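Structure record follows, encoded as structure tokens.
The values are calculated or read from the model by the stated rules, or taken from the named source; none is laboratory data. In this text the structure is predicted, and so the values were computed from the model without any measurement. We place every Cβ from the backbone using ideal geometry, glycine too, and count neighbours over all the protein chains shown.
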Amino acid sequence: LRIHPFLQALPKCEHHIHLEGALSPSILFTLAARNQITLPQDDPAFGSPESLLARYDRFTSLDDFLHYYYIGMSVLVHAADFEALAWDYFQHAAEDGVVHAEVFFDPQAHIERSVTYETVLAGFTTARKRAESQFGISSELICCFLRHLPVPDCISTFELEAVQASFKSGAVIGIGLDSSEKPFPPEMFQEIYHKAEQLGLRRTAHAGEEGPVEYIKNALDTLHVERIDHGVRLADNEALLQRVAKEGKLLSVCPLSNVLLRCVTAISELPLRKFLDANVKFSINSDDPAYFGGYVLKNYCAVHDAFQLSVKEWRGICEAGIEGSWCGQARKEEMF
Ligand code: HPA
Ligand code: ZN
């Protein structure tokens, strides 16, 4: 894989990165030791950071990945742990030429381990401020709900005082929906998305990663999402593809993730040429960079190697990313 200096220099916005997915095996082992968290003894992958990294090359599905993802994040306990995790991500983002990042986090996965929302938010906020002052990277936080957990659990998390306060203050600008996709269609989460809409929050959801194209339609119709995360299955329905193009809704595509989790067998199989030709806007993202073999620039380079996009097409992709971001207009103009 060649690293393209042109792609490094483009003003890149990242819209689909789970901060918990930026937990590298080396930080994972360090925090496990410091926080006295016992990693599974019956899985040889947890023998060392190296063996864990090697296991990440052999994911068989989204759920196979999620198994490791949830065990991994169990080492995050203190605000300083969340800060270290986010700081590690922002350092990579700076190296890769990211100017703006809208990052996901999974509060339910921490609250269920008795780590408070305030702890998580405090760590991330410190890292974000430092990324802004040291690298000039602006960022926003998006709170994701885990679709494999009971809906009432999602609603009670949404209603927590600390969560509501983070929406009100603007510390968290929107909501997302992630985790196992297939048996949990978007419409199950209507209530929470309607509450979010009433509060004026931004809304996105994972749809059409492993799940069918109908999930994309349902996310648009029943959750009133403004973006679709992944959305690669959109290519399966021409009418919906035309609608998404017309409405100018952005897809946050994650090429290396889609290959590693076997949603496609190669980057070249992604319908990116179709999206460009139909004027469907998309951004390119890393999803869970510590698990999928690379940060955002590696995703750009892999797309370029597969599709040989023109300079004009690359500029168009980055402009769509800026336009589809949820920061203020003044910040957008600085990024162009
Ligand atoms: N899909 C669903 N849930 C996730 C993902 C993903 O790619 N990454 C982290 N949680
Ligand atoms: Zn994701």
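Out of ILE17, ILE71, report the one residue that is touching a Ser or Thr at 6+ places or on another chain (Cβ under 9 Å), surrounded by 15 or more Cβ atoms within 10 Å (Cβ to Cβ) and not acidic (Asp, Glu).
Details: ILE71 fails: touching a Ser or Thr at 6+ places or on another chain (Cβ under 9 Å).
It is ILE17.
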Whichever residue in region 218-263 is of a type in the set (Gly, Ala, Ser) and touching a residue at least 24 places away in the same chain (Cβ under 8 Å) and, among such residues, is nearest to ligand 1 (Cβ to nearest atom):
SER257
Members of region 223-259 that are surrounded by 24 or more Cβ atoms within 10 Å (Cβ to Cβ), among the β-branched types (Val, Ile, Thr) and part of a helix (DSSP H, G or I):
VAL232, VAL244
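Looking at ARG273, ARG262, which one is exposed (fewer than 15 other Cβ atoms within 10 Å of the Cβ), at pLDDT 95 or above and within 20 Å of the chain's Cα centre (by Cα)?
On the way: ARG273 fails: within 20 Å of the chain's Cα centre (by Cα).
Of ARG273, ARG262, the one residue that is exposed (fewer than 15 other Cβ atoms within 10 Å of the Cβ), at pLDDT 95 or above and within 20 Å of the chain's Cα centre (by Cα) is ARG262.
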Any residue at all in region 183-198 that is in contact (Cβ under 8 Å) with a residue 60 or more places away in the chain and either outside any helix (DSSP H, G or I) or under 24 Å from LEU19 (Cα atoms) (or both)?
no
Report yes if some residue within region 141-162 is within 20 Å of TRP87 (Cβ to Cβ), more than 14 Å from ligand 2 (Cβ to nearest atom), of a type outside the set (Val, Ile, Thr) and out of contact with any Pro (no Cβ under 9 Å at 6 or more places or on another chain); otherwise report no.
yes
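Take residues that are more than 23 Å from LEU256 (Cβ to Cβ) and tell me which of the helices (runs of 4 or more DSSP H) falling wholly in region 5-70 contain 1 or more. Full working, then the answer.
Values: elements: 5-9, 25-34, 49-55.
So the answer is 25-34.
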Take the residues in region 199-217 that are in contact (Cβ under 8 Å) with a residue 60 or more places away in the chain and either over 26 Å from VAL163 (Cα atoms) or in a helix (DSSP H, G or I) (or both); name whichever of them is farthest from ligand 1 (Cβ to nearest atom).
GLU210
